[in-house]
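Read through the structure below, which is laid out as structure tokens, and then see the notes.
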Amino acid sequence: MSVEKPVPESIKFPALKIVDLAAEGEAVTAAYQNIVVSKVNNSCLRLAVFNEQYGWHYHPASDELFIVVDGCLVIDLADGSELRLSPWNSVTIPAGTIHRTRAEGRTVNLCFEELSTETIFVAQEELRTT
């Protein structure tokens, strides 16, 4: 298990700034990019664009709300089940839930969670023992 300590994150847009989220997503050319678009109280709106798999992890103190904008986002859960989200589908992952996200092709999603939340990574081998 490894812990990614919360670090101050850069917030791309201030309050009262209109943001073209579609243009932000289209501008991403990297295989993986996750930006904090804006801050809302102690939470944030993230825009993630990726074409790969993110490691097994959980957030001890923050739920995550995912909304898929484009593509297919699969969220695997430690119990072996999977959640498949198509455009405009959403799901909330409760704090403490071990999961991983993976894209089927290029996927764009929005995520609401606590700003600079702690992320604890879990090795796949550890999933069988928890």
* Asked: Scanning for something in contact (Cβ under 8 Å) with a residue 12 or more places away in the chain and more than 29 Å from residue 125 (Cα to Cα), does the stretch 89-103 turn up at least one residue?
  -> yes
All-but-one check, residue 37 against (1) surrounded by 16 or more Cβ atoms within 10 Å (Cβ to Cβ); (2) within 24 Å of residue 125 (Cβ to Cβ); (3) touching a Leu at 6+ places or on another chain (Cβ under 9 Å), failing number (2)
The correct count of residues that are part of a loop (DSSP other than H, G, I, E, B), within 15 Å of the chain's Cα centre (by Cα) and farther than 15 Å from residue 70 by Cβ in the stretch 26-53 is 2
Residues of the stretch 88-127 being within 16 Å of residue 68 (Cβ to Cβ), assigned to a loop (DSSP other than H, G, I, E, B) and in contact with a helix residue (DSSP H, G or I) (Cβ under 8 Å, 6 or more places away or on another chain), in sequence order, are none
Here the residues within the stretch 33-77 that are of a type in the set (Lys, Arg) and closer than 17 Å to residue 107 by Cα are 46
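Any read-out appearing in this document is the output of simple, stated calculations on the displayed coordinates, not a laboratory observation. Remember, predicted model here, so these are calculated numbers, not experimental data. All Cβ positions, glycine included, derive from the backbone under ideal geometry; neighbour counts span all protein chains shown.
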